[in-house]
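Every read-out reported here was derived from the displayed coordinates using simple, explicitly stated rules and does not represent laboratory data. Note that the structure is a prediction, hence the values are computed from the model and not measured. Counting neighbours? That spans all protein chains shown, and the Cβs are built from the backbone with ideal geometry, glycine included.
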Amino acid sequence: MKLSTRELATLAVFGALWGLVEISLGSVLKTIHFPLSGVVLSVIGLIIALVGRVFVPRRGSTLFIGVIATLLKLFSLGGVIIGPMVGILTEAIMAEIVLSIPGKQRRAVFIMAGALGVAWVLLQPFVTGPLLFGRTIFTVWLDLLDLGKKLLGLNPSFAAWIVGGLLVIHLAIGGLAGWLSWDIAKLLQNRLGRPVQGF
Amino acid sequence: MDKYLGTVGYLAIFLSSIIGMMVVPAQRLPWVAGVCILVAWRIYPQVFTSLVRLHWLIMIILLSVPPIFLVGDLDRSITGISYSSEGLLSGIQIALRILIVLISVQGLTSSVDISSIAGLLEHAGLHGLGFSLGVAMNLLPTILKSAQNAWRSLWMRGGLRKKRWRALRLLAVTIFVNGLSRAEEIALAAEVRAFSPNTARSMPIKKGKWDWTILTLSVLVVFGFVFIP
């Protein structure tokens, strides 16, 4: 992938924005144990990455933004940063895969990329928990059921309903993020008076 | 130590610690932790002073204590408090893993600078990453300031009282526009100086005498921990 100077600078802006959100807001939300902080960060990050994709409509540009944000997070102070780093990179990879499949940019593709990216937040503890922190799948599962109980008010014995409900919520929030990113990109296009491919 | 170890060496130590911790059987984890602590103590001793903080201790306790009472049967008791021996082992494992992650990350970030990592990734195929990363790092304070200004002006004009959704969207657009116009200036300045990402040299990678030896040793140690019975 060969990018021009202008494209590299544009990707740097979006990478810096995602990195900044993860460094500043991410640290604050994790410290105060804000509920669903992962979803909030993932939504903001994906909106930034997807808007970035509109401005640099090249294969690999979303991943490039994710790599910049990951490196900025790696060299930031505070917290266990391996989890968020894995999160940023995986979300960027998922969005990149979805965006790379169809040739043309469309709102529906953005919605799908956002939905899958945010859905990863639900799955990530099952991967990083056992691998990085030695937590058993069972403990992670119990945490998930507890979250479902708090959010949906369902008894933990309705495990399938809880998982299904949480998945739908995550997919819907992610889809909304994708929808919003398309709108923001359009607004930006109007504001900057810059022709952007795809609209 | 910088004379002997370069980016590849430090990265090999970091990755072997993390991979080792992830793939090694649970009963060998104390050995992995021991090796990691020994290596870190020899290579980057400054890490230990930065790790002696209350928030790390609280985090380790928060993550490792619950399994003592939640995992397995409560088959033992101490001063009237029942606990699970299986959970205790699990809690110790979690604490060791967190310790390894903390030591590895702090060690890597205190010994290697961000441009070296960018240089390594550029060699791996992400051309222009060094330039982008440099721009991103220089942009961080500008973007932060611009975001704060936009937020304050929105707040002071009462923009968040009504139509909050619209206000937040406008806030995002303002931050994006400021960032993009700054990027435009940087790109123009780079082009005026005849910078081209295709002809520019990659970011330099710090090299050390023992890099490849350390890399080989790291691979062997991880394989040893996993496969030697």
Translational D in µm²/s for the stretch A:109-161 (Stokes-Einstein at 37 °C, 0.692 mPa s, Kirkwood Rh from C-alpha pairs) = 267
Can you tell me the relative contact order of the stretch A:41-199? Whole percent, Cα pairs under 8 Å, sequence separation 6 or more.
-> 31
What is the magnitude of the charge dipole of the stretch A:1-60 about its Cα centre, with +1 placed on the Cβ of each Lys and Arg, -1 on the Cβ of each Asp and Glu, and no other charges, expressed in debye to the nearest 20?
-> 280
What is the mean number of Cβ atoms from other protein chains located within 10 Å of the Cβ atom of each residue in peptide A:40-48, rounded to a whole number?
-> 1
Find the Cα radius of gyration of the stretch B:15-114, compare it with 2.2 N^0.38 Å by division, and give the number to two decimals.
-> 1.21
Given charges of +1 on the Cβ of Lys and Arg and -1 on the Cβ of Asp and Glu, with all other atoms neutral, how large is the dipole of the protein assembly as shown about its Cα centre, in debye to the nearest 20?
-> 1480
Enumerate the calculated ³J(HN,Hα) couplings along the stretch B:40-48 in order (Karplus 6.51 cos²θ - 1.76 cosθ + 1.60, θ = phi - 60°), each rounded to whole Hz, writing x wherever the residue is Gly or Pro.
-> 5, 4, 7, 8, 10, x, 4, 4, 5
Of the residues A:Ala177, A:Ala159, A:Ala92, which exhibits the maximal mean-square fluctuation in a Gaussian network model of chain A defined by a 10 Å Cα contact cut-off?
-> A:Ala159
Scalar couplings 3J(HN,Hα) for the stretch B:54-70 by Karplus 6.51 cos²θ - 1.76 cosθ + 1.60 (θ = phi - 60°), nearest whole Hz, x for Gly and Pro, are 5, 5, 5, 4, 4, 5, 4, 5, 4, 8, 9, 6, x, x, 4, 9, 9
Between B:Arg157 and B:His55, what is the label-to-label distance in nm when each label sits 7 Å out along the Cα-to-Cβ direction?
-> 3.5
At 0.692 mPa s and 37 °C, Stokes D of chain B from Kirkwood alpha-carbon radius, µm² per second = 150
Note down the net charge around A:Val98, summing +1 for each Lys or Arg and -1 for each Asp or Glu among other residues with Cβ under 14 Å from its Cβ.
-> +3
Long-range amide H contacts for B:Tyr83: which residues qualify at under 5 Å (H placed 1.01 Å from N, peptide plane, sequence gap of 5 or more or a different chain)?
-> B:Asp75, B:Arg76, B:Ser77, B:Ile78
The stretch B:43-86 - percent relative contact order, Cα under 8 Å, separation 6 or more = 26
Determine by what factor the alpha-carbon radius of gyration of the stretch A:81-176 differs from 2.2 N^0.38 Å, reporting the quotient.
-> 1.19
Would you grab the residues whose amide H sits under 5 Å from the one on B:Lys206? Only those 5+ places off in sequence or on another chain, please, with H modelled 1.01 Å from N.
-> B:Thr7
Highest to lowest packing among A:4-17, B:133-146, B:184-197, scored as the average C-beta count within 10 Å | A:4-17, B:133-146, B:184-197
Theoretical ellipticity at 222 nm over chain B - DSSP helices of four or more residues, -39500 (n - 2.57) apiece, nearest 500 = -24000 deg cm²/dmol
Could you work out which residue, out of B:Ala124, B:Ala26, B:Ala40, moves most in a Gaussian network model of chain B, that is, has the largest mean-square fluctuation with Cα springs under 10 Å?
-> B:Ala124
Subtract the Cα-Cα distance of B:Trp212 and B:Glu184 from 0.36 nm times their separation in residues, and report this length gain in nm to one decimal.
-> 6.0 nm
How big is D for the stretch B:8-65, in µm² s⁻¹ as a whole number, if Stokes-Einstein is applied with the Kirkwood radius of its Cα pairs at 25 °C and 0.890 mPa s?
-> 192
Give the Debye-formula value of log10 I(q)/I(0) at each listed q (0.06, 0.07, 0.08, 0.12 Å⁻¹), with one equal scatterer per alpha carbon of the protein assembly as shown, two decimals each.
-> -0.28, -0.38, -0.50, -1.09
Do me a favour and compute the ellipsoid semi-axes for the stretch B:110-222 from its Cα gyration tensor, root of five times each eigenvalue, largest one first, whole Å.
-> 41, 20, 11
Can you pull the mean other chain C-beta count within 10 Å for peptide B:133-146?
-> 6
All Cα pairs of the stretch A:1-151, percent lying beyond 24 Å | 33
Fluctuation leader among A:Ser27, A:Ser61, A:Ser157 - chain A, Gaussian network, Cα springs under 10 angstrom | A:Ser157
